[in-house]
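For reference, the structure is listed below as C-alpha cells.
The values are calculated or read from the model by the stated rules, or taken from the named source; none is laboratory data. Note that the coordinates shown come from a computational prediction; the quantities given were computed from them, not determined experimentally. Because the Cβ atoms are built from the backbone with ideal geometry, glycine has one as well, and the counts that use them run over all protein chains shown.
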Amino acid sequence: MRSLFSTRLFWLTVAVLVGAAVLPQFASGYVLGLLTVAYFTAVFAMSWDLLFGFAGEVNFGPTFLIGLGAYTAGILDQQFSPGLSIWICIIAGALAAVIGGVVLALPALRVSGPYFGLTTLVAVLMLQNFVVVFADLTGGEIGLSVPDVITIDQKANYWIALGFMVVSGAILFGLSRSSIGLILQASGQDKVQAGALGFNVAKHKLAAFIVSAFFSGLAGALMVFYMGTASVGTFIDVSVGVQVIIAAVLGGRRTVLGAAIGAVFLIGMGEILRPLGELATPIVSVVALAVVLFFPNGFLGMLRGEARS
Amino acid sequence: MRSDVMLDVTGLTKRFGGLVAVRDLSFSIRPGEILGLIGPNGSGKSTAMKLIMGVERPTAGTILLDGENIAGLPSHKVARKGVGLVFQHSRPLHRQTVLENIKVALLPDSLLRLFADPHVDGQARAIAERVGLGKVMERKPPTLPFADLRRLELAKAIARHPKLVLVDEPFAGLTASETREFSELIRGFREEGRAVLLVDHNVKSVSALVDRVLAMYLGERIAEGSAAQVMADPTVRKVYLGGAITTVARPESSFKDVTPVLQVDNVSVSYGKAQALQGASIHVHEGEFVSVVGLNGAGKTTLFNAISGLVPYAGEIRWEGKPLKALSPAAIARTGLVQCPETRELFGDMSVRENLDLGGHFLPPKEREERLEWLLELFPILRARRAQMSRTLSGGEQQMLAIARALMMKPRLLILDEPTLGLAPVILETLSKALEKLRATTPISVLLGEQNVTFALPHADRVYVLDHARIAWEGPPGRFEAEAAATYL
C-alpha cells in the first residue's frame, strides 16, 4: 500500500479530483450537469471493469444491473412517495441489482466466454421487454417520472456524484489491489489452476458479481433521483451498455481508474462534438475504435508507456 | 487400509460419454515415495491425475488420502486436504512480479481477509530461493526464460506444503542441466516425506528419479514395478517400440539440380536484443530430405519462420533462384513452400474434412478429391475421424492432420517443425512410415526441424545441427554420432 502513495499516478489522481471538487466555483451549470452524468457513468464502467478485467467475465449486460437498480428505486418512489424516503428506495435499488447480479452469475459459473456473454445480452433484452410490457408500473417506452429528487441544487448534485464516484472508485480500486483482486485475476486467467491452488473459484466470482452489481445498481438509483426520470433509453438500452463497455476498455482494462477516465472522456467528447449533430456519435466511435486498436491497454496504458520511456 | 500408505486409489474409472479414459485403475503411494505414472498420449494418465486433483469427477472408484476419501471433491477442497499440482503450462499473472505470483498461492481462500499477513512475504521469498528464483523475484513472468516459468509453477504448487505433489511432465522442454536441477528439487520432496506422482510419456525421462513406475495404455494399467522392470516388460515394449525404422541416406550428388531449390544465405534474425539466428546458411535440393536438429531455443523455428516470410531477417533466401523477401507469407506458401508449424494451428472447431478442404482450397475440385483420397491412405486414422472436430483429436491425430493439411496445399518443399513434440512412440512410427512413403513415391522435398535425433536422422539425406542460433555442423546422418553428437548433447 505504501508504494501506492509514491506513484505519480496517485498524486495526479488526487490533483485532478481536487480540481474537480472546486470546479463548481468556476464552471457553468451546463458543464456541471454534464459531469454529473459522466461521474455516474464512471461508476458503471468501473463496476464493469471489476468483472471483465479481474474476474475475466465479459458482461455484455451492464445495463441489466444498472436498469434493475434505477427502475426498482424509481418505481418504489413513484408508488410510495412521500411515505418512503428516497434513500430507502436507493438502497432497495442497489439490493435489487445485487439479486440480479447473483442471477447473472449463475450461468457464468456454468458456461464461459461467448456463451456467457450471450446470456447477459438476453438478460438486458428481457428487462427491456419487461419495462415495455408492464408500462402501467414502469412507464413503458415513455419513461417513468419520479416525484422526488435528491436536491435541485446543481452544485450539490455535482458534489454528490463526485463524492459517490470517488468513494466507489476507492473501494473498487482497493478491492482490485487486495488479495481478493489477485485471486480473482488468477481465477479469470486459469480457473483450473486457481482451484488446484485451493481457491474456491465460484465463491470469488460470485463475490465479484455481487460487488459489481451493488455499485452498478446504486449508481443507477442515484442517477434516477438526479434526473427525475427513468427511461429505457438512458438506463437499459444495449447501446447504453456498449457505451459503458467502451468507456472501460478505452480507459484501460484491469485498472479500475481507467474506466472512470474513459467514461468522462466519452461523455465529454459526445458533448463537445454535439454541434456536428448526427456526426458526433460516429466520430466518437471512430476515436474509441482507434484507441482500442492501437493502444489495447487504453488511456492508462498510454500514460504508463510514456512514463516508462 | 495399510497405515503406511498416503494415497490409495482403488477402482478409479472415468467415462467421457462412450469413451472410457480410465478403467478400474488402482495404485498407492507411500510418504517419501516417488511414483512415475507413464503412458503414451491418450493412455489416460493425465485424466487420472486430474481425477486425483478434483479437476474432473470420477465415474467410479475411491481416492483415499491418508484414509479420507477425496474422490469427487472440487479441486479447491482437494488442494486444502494437502494435494498440490505442478502444471506443465499455465498462465501466470503478467502484471505481477514473480514474488507476487508466489504470494497469490499463499493467500487465504477468504473474502474477508483483504490483505495478506505480513509473514506471507517472508514465506514467498523462502520458496522463491528454494526453487532457484531468488535472482528474478522482482521480475515479471513475460520476461522470464522457460525454465524459470516452470520453477514458478513448482513454487506455487509447493507453497501450501502439500502432502502429495502431482507433477505433470516434469522435464518437458528443459535442458540437461535444468533437468538435473529439477530432479534435485523433486528429490527434496521425497526427503521431506511428501508423496510424489510424476506423470510423463516414457520411463526413460523419469527413471533416474522414481522409486516405482506404473505404465498405462488405453486407460488401463499394463505394468508396474521398478523402472528397469517396466522397461523390460514385453507389453510396454510392444506399446512403445513397435517396429524398427530403417532407411538409407541418399548422397547429395544424387540430386540432379545443380542450384539447390532452396538457398538460405547468411540469414540473421533478432527479436529485440536477443539474436535468434546468426548468419545461418542452408540449402535443400529438389526431392531432398534435410533435417535441422537442435535443442529448444536453438533457432529452428526462427529459421523456418524466416523462410516462410513470417519474421523479418537480414541475409537472403532464394526459392528456385528467386529472392523471397518481397513476398507475403501467403504468397510464399502458394509458390509451394509450405510450413507445418510446431503449434499445428489447426482450426479446432472444424472437422477433419473441413481442415483438409481448406488446405486444398486453391486446387481444382477434381485434383482436390484425388489428393484427399491419397492423404487418407497415407494417414488411415484420419479417414475414421473425418467428421470429428479437430480439437477433440488426440495429439498424434492432430499432428497427422496438420501434416495432411499442409500436404493438401501441394507443396514442393514441406517444412515440418517439431512434428514429434509431445507424441508417444507409437505415433512416431506412423509418422515415420508416412515420411518414408513420401520419400519413396513423391518428388517432394522436406525440411524437418527436430529435437528428437532418433526421429530426425533416419529420415534425412543430410543433417544440419543448429546450436545457439548458429549452424554448428552439416553432414550426412551416418557421420552425425561421431562428429556432432558432442555438439548436440
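Structure notes:
- Residue check: B:Gly54 meets all listed conditions (1) more than 28 Å from A:Gly174 (Cα to Cα); (2) within 14 Å of chain A (Cβ to nearest Cβ); (3) touching a residue at least 60 places away in the same chain (Cβ under 8 Å) but one, namely (3).
- Whether a residue is in a helix (DSSP H, G or I) and touching a residue at least 40 places away in the same chain (Cβ under 8 Å) was assessed, and A:Phe215 passes this test.
- In segment B:399-418, the residues that are at pLDDT 90 or above and either within 13 Å of the chain's Cα centre (by Cα) or among the basic types (Lys, Arg) (or both): B:Gln399, B:Arg405, B:Lys410, B:Arg412, B:Asp417
- Here segment A:107-124 is the region considered, the condition is being of a type in the set (A, V, I, L, M) and surrounded by fewer than 22 Cβ atoms within 10 Å (Cβ to Cβ), and the residue that is farthest from A:Tyr226 (Cα to Cα) is A:Val111.
- As a summary of the residue check, A:Val58 satisfies the conditions (1) among the β-branched types (Val, Ile, Thr); (2) within 18 Å of the chain's Cα centre (by Cα); (3) at pLDDT 95 or above except for the one numbered (3).
- When every residue of segment A:73-85 is checked against the conditions, at least one turns out to be more than 30 Å from A:Ala194 (Cβ to Cβ), outside any helix (DSSP H, G or I), modelled with pLDDT under 95 and hydrophobic (A, V, I, L, M, F, W, C).
- In segment B:257-274, the residues that are in the same structural domain as B:Val446 (by TED's automatic domain parsing) reach residues that are modelled with pLDDT under 80 and surrounded by 11 or more Cβ atoms within 10 Å (Cβ to Cβ) with C-beta atoms within less than 9 angstrom, at least six apart or across chains, in these pairs: B:Ser268/B:Gln275; B:Val269/B:Gln275.
- On the stretch given as segment B:101-136, residues that are more than 14 Å from every other protein chain (Cβ to nearest Cβ) and under 23 Å from B:Ser183 (Cβ atoms) total 10.
- Evaluation of A:Gly262 against (1) more than 14 Å from every other protein chain (Cβ to nearest Cβ); (2) more than 18 Å from A:Gly61 (Cβ to Cβ); (3) surrounded by fewer than 20 Cβ atoms within 10 Å (Cβ to Cβ) (one fails), failing number: (3)
- Evaluated against (1) surrounded by fewer than 16 Cβ atoms within 10 Å (Cβ to Cβ); (2) more than 23 Å from the chain's Cα centre (by Cα), B:Asn452 falls short on exactly one condition, (2).
- Only one entry of A:Pro296, A:Pro275 meets the criterion of being modelled with pLDDT of 85 or more and out of contact with any helix residue (DSSP H, G or I) (no Cβ under 6 Å at 6 or more places or on another chain), and that entry is A:Pro275.
- Only one entry in A:Leu127, A:Leu162, A:Leu137, A:Leu104 is away from every other protein chain (no Cβ under 13 Å), surrounded by fewer than 17 Cβ atoms within 10 Å (Cβ to Cβ) and either modelled with pLDDT of 90 or more or touching a Phe, Trp or Tyr at 6+ places or on another chain (Cβ under 9 Å) (or both), namely A:Leu137.
- When segment B:369-428 is filtered for residues that are in a strand (DSSP E or B) and surrounded by fewer than 21 Cβ atoms within 10 Å (Cβ to Cβ), only B:Met389 remains.
- Unique match (being surrounded by 15 or more Cβ atoms within 10 Å (Cβ to Cβ) and either under 28 Å from B:Ser253 (Cβ atoms) or not polar (S, T, N, Q) (or both)) among B:Ser291, B:Ser308: B:Ser291
- Residues (surrounded by 23 or more Cβ atoms within 10 Å (Cβ to Cβ) and either in contact with a Pro (Cβ under 6 Å, 6 or more places away or on another chain) or in a helix (DSSP H, G or I) (or both)) located in segment A:218-231: A:Leu218, A:Ala219, A:Gly220, A:Ala221, A:Leu222, A:Met223, A:Val224, A:Phe225
- So B:Leu174, is it within 17 Å of A:Ala194 (Cβ to Cβ), surrounded by 16 or more Cβ atoms within 10 Å (Cβ to Cβ) and in contact with a helix residue (DSSP H, G or I) (Cβ under 7 Å, 6 or more places away or on another chain): no
- Some residue of segment B:92-100 being under 13 Å from B:Lys50 (Cα atoms), of a type in the set (A, V, I, L, M, F, W, C), more than 8 Å from chain A (Cβ to nearest Cβ) and under 28 Å from the mean Cα position of the chain (by Cα): no
- Of all residues in segment B:324-342, those that are at pLDDT 90 or above have Cβ atoms under 6 Å from Cβ atoms of residues that are among the basic types (Lys, Arg), 6 or more apart or on another chain, in B:Gly336/B:Arg412.
- Test: A:Ala27 is among the aliphatic types (A, V, I, L, M) and touching a helix residue (DSSP H, G or I) at 6+ places or on another chain (Cβ under 6 Å): no
- Taking the numbered list (1) buried (at least 16 other Cβ atoms within 10 Å of the Cβ); (2) in contact (Cβ under 8 Å) with a residue 24 or more places away in the chain; (3) facing chain A (nearest Cβ under 10 Å); (4) not β-branched (Val, Ile, Thr) in turn, B:Leu65 passes all entries but (3).
- Checking A:Ser112 against (1) out of contact with any helix residue (DSSP H, G or I) (no Cβ under 8 Å at 6 or more places or on another chain); (2) in a helix (DSSP H, G or I); (3) not acidic (Asp, Glu), the condition it does not meet: (2)
- Within segment B:151-193, the residues that satisfy the criterion of being more than 14 Å from chain A (Cβ to nearest Cβ), of a type in the set (Val, Ile, Thr) and either under 24 Å from B:Val104 (Cβ atoms) or not in a loop (DSSP other than H, G, I, E, B) (or both) are B:Thr179, B:Ile186.
- Test for B:Gly67: is it at pLDDT below 95 and out of contact with any Asp or Glu (no Cβ under 7 Å at 6 or more places or on another chain): yes
- Of all residues making up segment A:169-220, the number that are of a type in the set (A, V, I, L, M), more than 9 Å from every other protein chain (Cβ to nearest Cβ) and more than 13 Å from A:Gly56 (Cα to Cα): 8
- Residue in segment A:147-155 that is away from every other protein chain (no Cβ under 14 Å), modelled with pLDDT of 90 or more and assigned to a helix (DSSP H, G or I) present: yes
- Positions within segment A:221-259 being closer than 11 Å to A:Thr63 by Cα and hydrophobic (A, V, I, L, M, F, W, C), in sequence order: A:Val232, A:Phe235, A:Ile236, A:Val238, A:Val240, A:Val242, A:Val244, A:Ile245
- Test: residue in segment B:120-140 that is touching a His at 6+ places or on another chain (Cβ under 8 Å) and either aliphatic (A, V, I, L, M) or assigned by TED's automatic domain parsing to the domain that holds B:Val55 (or both): yes
- Residue that is surrounded by the fewest Cβ atoms within 10 Å (Cβ to Cβ) [pool: residues in segment B:68-91 that are closer than 24 Å to B:Arg139 by Cα and facing chain A (nearest Cβ under 7 Å)]: B:Arg91
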